[in-house]
């Protein structure tokens, strides 16, 4: 069962279209996997629609009270130009499954990622990373794979790190995670992710991670590579 979810604030920002592209993708993937958040999103979208309708209705009433004849002409024009004369048709397409193969393991990508490109996987030991083609300022989105028996040495974050588990399992000092778990880490957190069977994640980071202990500190100059 999914135990880790986006905050209500993130969900409301997602419904209002106010999240960055990278985070919107993450929330969209999670919502597709999580019945609980599907219900929340439906509720927030309904609230947003009602608010927009009431705002538009209020503006319309002000227009009518100030100039009833002009308001009626404007409404007729809007109805004709926006609805009657609009012959555009939304693109309808069947989503074809997209798979990736990492370390001889094949994964099916979530629906949200099927039309977004990504680079070839680059490997470092049991870790592999593929950049997702989202131009989002300082934020970097990746598909991140840890091979069976792999781990990332204990580290913290110089910015924030969002990890959305897509397939497989991993655990850290806070517990174990299942597909769909939405894990947000920042400077207040430090952890050592390990996996017995391997996992594939979608990650978003705002800055490099920072290793804390022993020889792993030597990895800090390549922290940008790992995430």
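None of the figures in this text is laboratory data; all of them are computed from the coordinates on show. If you're wondering where the values come from, they're calculated on a predicted model, not measured in any experiment. In this analysis, Cβ positions are derived from the backbone assuming ideal geometry, glycine residues included, and neighbour counts consider all displayed protein chains.
List of remarks:
- Panel order for 48, 4, by other beta carbons found within 10 Å of each beta carbon, from fewest to most: 48, 4.
- Ranking of 189, 30 by neighbouring Cβ atoms within 10 Å, starting from the fewest: 189, 30.
- Residue order, fewest to most surrounding Cβ atoms within 10 angstrom, among 33, 54, 1: 1, 54, 33
- Label-to-label distance, residue 169 versus residue 48, with points set 7 angstrom from Cα along the beta-carbon direction: 3.5 nm.
- In this calculation the C-beta distance from residue 119 to residue 192 is compared with R0 = 22 Å, giving a FRET efficiency of 0.25.
- Packing rank of 109-122, 163-176, where each peptide gets the mean count of other beta carbons within 10 Å, highest leading: 163-176, 109-122
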